[in-house]
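The values are calculated or read from the model by the stated rules, or taken from the named source; none is laboratory data. Being a predicted model, the structure only gives us computed values, none of them experimental. Note that we place each Cβ from the backbone using ideal geometry, even for glycine, and neighbour counts take in every protein chain shown.
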Amino acid sequence: MRSRFIQSHFLFLASLSIAYLFSSIEISAQTKKDSPQICPANLSAEIAKIRQAPQLTYSRLGVVVSTLSQPPQILVNLDGDKYFIPASNGKLFVTAAALKLFKPSDRIRTSLLSIDPPTANGEIGGGLYVVGRGDPSFSSKSSLRSLVSQLVAKGVKRINGGLIPLGQFHGSGLGDGWEWQDLQEDYAAISSPFSIDENVIDWTINPSKINQHVKFTWDSPTLAAGWQIQNQATTGKIDSAFTLEVNRPLGQKQLIITGSMPENAQPELGATAVPDPEAHFLRLLADEITKQGIRIDLSTTPLADLKQGSQPQVELAVVTSPPISDLVKITNKTSNNFYAESLLRILGTRFNRSDRDASHTGIQVVTDTLHQQGISANSFLLADGSGLSRKNSIAPIAIVQLLRIMSVDRTFWDSMSIAGVDGTLKNRFKDTPAEANLRGKTGNLSGVAALSGYIKPANFDRLAFSIAINNSNQSGKELRQYIDSIVLLLTRLRHC
């Protein structure tokens, strides 16, 4: 799946305050590998200097730094016992619980079942049951084709009774407190037991000729059958303002394109969330069944009409996800919201069997599991699995406790982004002592930035840390500068 579609096109102010220039110079100076070393006793005071930047006057900063040695030593606790909106740092709690409860090799199954085996002439009666368990990796190009190919291999030639979905968890698929404007976006796709291509559809927009409509195309038109496009956007002169916007009305299979893009603009790549994942999945499955030569009666059999004892027991096809270890790695390293929300619901379904919303039961499972590991249940309050909700509240001290607990888990360790190397930290900390040294999890929302992880100063013990900034009017790029400057202080620690 592609990254977020419309990149913000802002004009940056040429005049910056003297205070901001000074703080930028200070941050830049800290990247030098010959910077003076810091004693642990002076670390809090050095962080306080960064905290005093005028741009952070109205913001909240939380910092906790701890050694991983036993017993651990807290070197810094700046409001670390207070709640902060963690953004994607919340994913650490879901992935940690998943690794505690699943074996790293466990996989998520998607199955096709029938009540009886196919007849001698290849017919299935009573419908084809589609069992969805929320595999976030299920794709239209490989998983779907494989599933149907197995039907063909079993000799199935006709399906009577249509497709009957058996979703293994309940709920809206949305996080508690998600903002409605986000619901069209690929990063807020609905988590469903029936998921395909992360429940988004990719598209491309190209400029055309001046004053003519831009060119919109679906990357895979068959995935977007039934969608309507209102293209009101035009092509502007070379180097004219970029004002292109793409919006999907709430709950509708429709895109409205407005604004303008310059004639010399690069193609705009994006994706939009599917409003009804189950219907989308079943349509694509029916299309693939027909494409591979199987006749299908698309009328469905209501589940209420099934007689006792007529339950599907014959598994005709199954596709499994990559191992849980890989799903966790994708979740943390690329900060994939969809994978995080899927894992949360899978946890709620597997380890708390009830008819409640799988998001709620998943949160309960995560909370109980990590509480049993020694993390106070009052130190973190989850509203979703991805960190997109602003109702999440986590104390930095809880994140550091979690990092200490999970530091011995190689799968968790490998799931973290490596500074300057990969994931969401690929372009940060280049040519600094943190490059290829820091393993961490980023978090970003408007007015919120966070970074938590592990780092090994050259002359000190390995550390676990959590840094969060909330309630800021600064851009994400600016907030990351302050966080990065704190991290670079940690690289200068020495025993003294």
Only one residue in Lys141, Lys157 is out of contact with any Lys or Arg (no Cβ under 9 Å at 6 or more places or on another chain), assigned by TED's automatic domain parsing to the domain that holds Ile115 and not aromatic (Phe, Trp, Tyr). Which one? Lys141
Considering Thr204, Thr222, which residue is β-branched (Val, Ile, Thr), outside any helix (DSSP H, G or I) and farther than 30 Å from Gly362 by Cβ? Thr204
I'd like to verify a number: residues in region 487-496 that are in a helix (DSSP H, G or I) and in contact with a Pro (Cβ under 9 Å, 6 or more places away or on another chain), how many? 2
For region 258-274, give me the residue count where each residue is crowded, with 19+ Cβ neighbours inside 10 Å and either outside the structural domain of Asn247 (by TED's automatic domain parsing) or touching a residue at least 60 places away in the same chain (Cβ under 8 Å) (or both). 6
Members of region 205-236 found to be in contact with a Gly (Cβ under 8 Å, 6 or more places away or on another chain) and touching a residue at least 60 places away in the same chain (Cβ under 8 Å), listed by number: Ile205
Among (1) assigned to a loop (DSSP other than H, G, I, E, B); (2) of a type in the set (A, V, I, L, M); (3) out of contact with any strand residue (DSSP E or B) (no Cβ under 7 Å at 6 or more places or on another chain); (4) over 21 Å from Asn337 (Cα atoms), which single condition is Ala383 missing? (4)
Quick check, is Ser149 surrounded by fewer than 20 Cβ atoms within 10 Å (Cβ to Cβ) and assigned to a helix (DSSP H, G or I)? yes
What number of residues within region 446-486 are assigned to a loop (DSSP other than H, G, I, E, B) and β-branched (Val, Ile, Thr)? 0
Search region 364-377 for residues that are under 13 Å from Ala98 (Cβ atoms) and pair each with any residue that is surrounded by 19 or more Cβ atoms within 10 Å (Cβ to Cβ) and of a type in the set (Phe, Trp, Tyr) when their beta-carbon atoms are under 6 Å apart and the residues are at least 6 apart or on different chains. Val366/Phe93
For region 391-420, enumerate the residues that are of a type in the set (A, V, I, L, M, F, W, C), in a helix (DSSP H, G or I) and out of contact with any strand residue (DSSP E or B) (no Cβ under 6 Å at 6 or more places or on another chain). Leu402, Ile405, Met406, Phe412, Trp413
Tell me whether region 177-191 contains one or more residues that are more than 20 Å from Asn247 (Cβ to Cβ), among the small types (Gly, Ala, Ser), out of contact with any Gly (no Cβ under 9 Å at 6 or more places or on another chain) and part of a loop (DSSP other than H, G, I, E, B). yes
Verdict on Phe465 being farther than 21 Å from Ala398 by Cβ, in contact with a Pro (Cβ under 9 Å, 6 or more places away or on another chain) and among the aromatic types (Phe, Trp, Tyr): no
Qualifying residues in region 400-457 (those that are under 23 Å from Lys103 (Cβ atoms) and among the hydrophobic types (A, V, I, L, M, F, W, C)) - the one surrounded by the fewest Cβ atoms within 10 Å (Cβ to Cβ): Val408
Which one of these is part of a helix (DSSP H, G or I), of a type in the set (D, E, K, R), surrounded by fewer than 20 Cβ atoms within 10 Å (Cβ to Cβ) and assigned by TED's automatic domain parsing to the domain that holds Leu463: Asp368, Asp355? Asp368
